[in-house]
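K.L.:
The structure under discussion is supplied below as structure tokens; questions concerning it will follow.
The values are calculated or read from the model by the stated rules, or taken from the named source; none is laboratory data. Since the structure is predicted, the reported quantities are computational estimates derived from the model, not experimental observations. No Cβ is skipped: glycine too gets one built from the backbone with ideal geometry, and neighbour counts run over all protein chains shown. The accessibility values were calculated without ligands, DNA or RNA, using every heavy atom of the protein model including side chains. Shrake-Rupley method; radii C 1.70, N 1.55, O 1.52, S 1.80 Å.
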Amino acid sequence: MSSQKKSNQLPQKATHPLKPQAFADIVLQWQALHGRHDLPWQQPATPYRVLVSEIMLQQTQVSTVIPYFQRWLQAFPDLHSLANAEEDQVMALWQGLGYYSRARNLQKAAQYLTQEYQGEFPNSLTELEQIPGVGRYTAGAIRSFAFDDYGPIVDGNVRRLFCRFFAIAGAPLSSAVNKQLWQLAEQFTPQNNNRAFAQGLLDLGATVCTPKKPNCNDCPLQSNCIAFQQSRVDEFPNPKPKKTIPLRQGHFIWRVENSQIWLQRRPESGIWARLWSLPEVDGVPKGASLVGEFQHTFSHYKLQAKVWQHDHTHLQEPDANYVDHHWLPLEALDSVGLPTPIRQFLQAQLQAER
DNA sequence: GAACCGTGGAT
DNA sequence: TATCCAAGGTT
């Protein structure tokens, strides 16, 4: 048999009667009338501003990003100022946005582009993907938004819109579906008007083809949407398999003396990497009294934290064991990056002690 | 391929 | 309150 290759198990290739250029024309016409044209990073859409916004927007809503983007551009108006910035200032400006490796990668990206490309941006998708923190989506977004060149994108919006428009079944994040989505994105992305086309796809997904209760009656693609034609819009994308997240315990140390607080720079890897934090310890410290508790839910586990205060006999610290620990004046707290729940606890506690 | 990596908005 | 999920990338 020539079909030892189990071809019947391969994902069905999505097809559609609508020609790519016709699809693009519909998206472009809708974008001109109903799309978003006044987002901060659209005016002007310089490569640097597009890079910063795209990294911030990864897994983060537009409304959350806007104030961070404004503050960032104020502090780091260009690639060189970011490349030469202090790490603590970078992390302080990112605190609260989450996924902190994005911030460190963004500074690495600035240093990389400064050193390897003399502060210019490469134009090819392959070269763009070499930039730290830039993957396939972000490379396509930079090419579309910054250069108005051909740059296919598949993000959550495109994934949802395409799964409905082409009636693609299967786990939406599986490699099989992902492969189809990227193939379709490459096929249906036009050669011209790429900035408006990419913005149109995202805006359609964000404002019309929404996760719940999509506004199909406002959609310019309605009559061509396979899921709509079959009255199965609510079936796509297929529901993601849900996972239960584990519960973990955490223990932190509270020491405030002489208007200073004892902090630890967290390790290179793991949660809150390289942010400043209350020092974390493995278990309940000896002779400690409970100062307070907090809970925090991450994407992949839930943390139940207790904060402990030593009794006063442990004031001398052997320096070698605390290389990443420092006393920080309380008035300097705003100049370093702290994890959100740590900052919240700290503010509440200091308020209570006053 | 799967796990890891944050936080907040929306319902 | 619980759940989903947001302009994803890296390990």
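K.L.:
The stretch A:251-354: which GluC sites (Glu not before Pro) are DSSP loop and have at most 13 other beta-carbon atoms within 10 angstrom?
P.N.:
Sites meeting the loop and neighbour criteria: A:E268.
K.L.:
Determine how large the accessible area of A:T114 is when every protein chain is in place; take a 1.4 Å probe and give Å² rounded to the nearest 10.
P.N.:
40 Å²
K.L.:
How big is the dipole moment of the stretch A:177-275 about its Cα centre under a simple scheme where the beta carbon of each Lys and Arg is +1, that of each Asp and Glu is -1, and everything else is neutral? Debye, nearest 20, please.
P.N.:
Numbers: 13 positive and 7 negative charges, 108 e Å.
Here the size comes out at about 520 debye.
K.L.:
Roughly how many Å² of A:I66 are accessible to a 1.4 Å probe, to the nearest 10?
P.N.:
Rounded to the nearest 10, the figure is 50 Å².
K.L.:
Right, next: Please report, for the Cα atoms of chain A, the Rg to one decimal and the Dmax as a whole number; what are they, in angstrom?
P.N.:
When restricted to Cα atoms, chain A yields Rg and Dmax of 24.5, 81 Å.
K.L.:
Related question: How big is the accessible area of A:T126 in square angstrom, nearest 10, if you roll a 1.4 angstrom probe over the protein chains?
P.N.:
Its accessible surface works out to 100 Å², give or take rounding.
K.L.:
Any of A:K19/A:K179; A:K179/A:K240; A:K19/A:K213; A:K213/A:K240; A:K243/A:K306 with alpha carbons more than 22 Å apart? Name them for me.
P.N.:
Among A:K19/A:K179; A:K179/A:K240; A:K19/A:K213; A:K213/A:K240; A:K243/A:K306, the Cα-Cα distance tops 22 Å for A:K19/A:K213; A:K243/A:K306.
K.L.:
Of A:S231, A:S53, A:S174, which has the most accessible area and how do the rest follow, probe 1.4 Å?
P.N.:
From most accessible down to least: A:S231, A:S174, A:S53.
K.L.:
Dipole of chain A, Cα-centred, from +1 at each Lys and Arg C-beta and -1 at each Asp and Glu C-beta, to the nearest 20 debye?
P.N.:
The dipole of chain A has a size of about 1680 debye.
K.L.:
Separate question: Once you have all Cα-Cα distances for the stretch A:183-228, histogram them in 10 Å bins from zero and send the whole-percent values.
P.N.:
24, 52, 24, 0
K.L.:
Based on the Kirkwood radius over alpha-carbon pairs, what is the Stokes-Einstein translational diffusion coefficient of the stretch A:189-285 at 37 °C with 0.692 mPa s viscosity, in µm²/s? List each step's numbers first, then the result.
P.N.:
On the way: Rh = 19.1 Å.
Approximately 172 µm²/s, per Stokes-Einstein.
K.L.:
From the square roots a ≥ b ≥ c of the eigenvalues of the alpha-carbon gyration tensor of the stretch A:17-145, which class results: rounded (a/c under 1.5), prolate (a/b over b/c), or oblate?
P.N.:
Prolate, because a/c is 1.5 or more and a/b exceeds b/c.
K.L.:
Could I ask something else about it? Thinking of the stretch A:247-353 as a set of Cα atoms, what percent of all their pairs are more than 22 Å apart?
P.N.:
Looking at the stretch A:247-353, the distances longer than 22 Å represent 28 percent of pairs.
K.L.:
Rounded to the nearest 500 deg cm²/dmol, what is the calculated helix-only ellipticity per residue at 222 nm for chain A, with -39500 (n - 2.57) per DSSP H run of length n ≥ 4?
P.N.:
It lands at -12000 deg cm²/dmol.
K.L.:
Using alpha carbons only, how many angstrom separate the centre of the stretch A:126-164 from the centre of the stretch A:13-44?
P.N.:
Spelled out, the Cα-based centre of one part sits 14 Å from the other.
K.L.:
Compare A:T297, A:T46, A:T138 in a GNM of chain A, Cα atoms joined below 10 Å, and give the one with the largest fluctuation.
P.N.:
Maximum fluctuation in the GNM of chain A, among the listed residues, is at A:T297.
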